[in-house]
Amino acid sequence: MFNDIGPLELVTLVVLAVLVFGPDKLPKVIQDVSRTIRKIRDFSDSAKQDIREELGPEFKDFEFEDLNPKTFIRKQLDSDELGLKEIRSGFDLKKEMADVTDAVNGRDSTSSAAGSAASSASAASAVSSRGGRIDMTKKPEPSAADDRPPFDADAT
């Protein structure tokens with residue numbers, strides 16, 4: 001409950017409680033607060049149990065913590081129903097970049113066909129027909145002075 005309270009803050013709270021309630025009444029106040037917290041926890045547990053009973057047997061493993069969106073998403077991503085772990089392990093960015101570099105430079109890569117098929121296809125379209133090299137000196141054609149850029153009425 002109070003996981004983020006440090007020792008200095010705890011000492012400050014104790015000193016403040018002694019000053020506010022006094023040393024005679026402090027034990028009774030602590031008992032009252034602990035009793036109230038215990039009653040609230042019991043009420044919460046009984047309410048959760050009642051809700052589980054009303055939902056029926058198909059929701060017997062239902063946890064109220066799953067209603068928190070962060071917990072729900074974390075739980076869904078950790079389960080391997082979607083195959084995300086396989087996708088993560090199969091994705092090798094360095095290998096993909098090396099395949100693209102090899103394809104652009106005209107070298108024959110010795111990687112698997114499945115991993116480099118998509119990157120080779122996209123890189124092959126960028127390679128010019130002259131010796132497998134890309135012409136980096138090409139400049140865009142100069143446009144005429146009266147040429148206007150295309151106008152899209154829906155975009156404005």
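The values are calculated or read from the model by the stated rules, or taken from the named source; none is laboratory data. A quick note: this is a predicted structure, and the numbers were derived from the prediction, not measured. Backbone-built Cβ (ideal geometry, glycine too); neighbour counts: all protein chains shown. For the accessible areas, the whole protein counts, side chains as well, though only heavy atoms, and no ligand, DNA or RNA atoms are used. Shrake-Rupley method; radii C 1.70, N 1.55, O 1.52, S 1.80 Å.
Does ASP66 satisfy the criteria of being part of a helix (DSSP H, G or I) and surrounded by 10 or more Cβ atoms within 10 Å (Cβ to Cβ)?
It is true that ASP66 is part of a helix (DSSP H, G or I) and surrounded by 10 or more Cβ atoms within 10 Å (Cβ to Cβ).
So that you can scan it fast, the table gives a plain yes or no per residue for (1) polar (S, T, N, Q); (2) surrounded by 12 or more Cβ atoms within 10 Å (Cβ to Cβ); (3) in contact with a strand residue (DSSP E or B) (Cβ under 6 Å, 6 or more places away or on another chain):
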position	(1), (2), (3)
GLY6	no, no, no
LEU16	no, no, no
VAL33	no, no, no
ARG41	no, no, no
ALA47	no, no, no
ARG52	no, yes, no
LEU55	no, no, no
PHE62	no, yes, no
THR71	yes, yes, no
Single residue of the stretch 1-44 satisfying the filter (aromatic (Phe, Trp, Tyr) and assigned to a helix (DSSP H, G or I)) that is modelled with the highest pLDDT:
PHE43
Cβ pairs under 7 Å, 6+ apart or interchain, first in the stretch 58-87 and within 20 Å of SER44 (Cβ to Cβ), second modelled with pLDDT of 75 or more and open to solvent by 80 Å² or more (accessible area, probe 1.4 Å), ordered by first then second residue, are ASP66/PHE72; ASP66/LYS75; THR71/GLU65
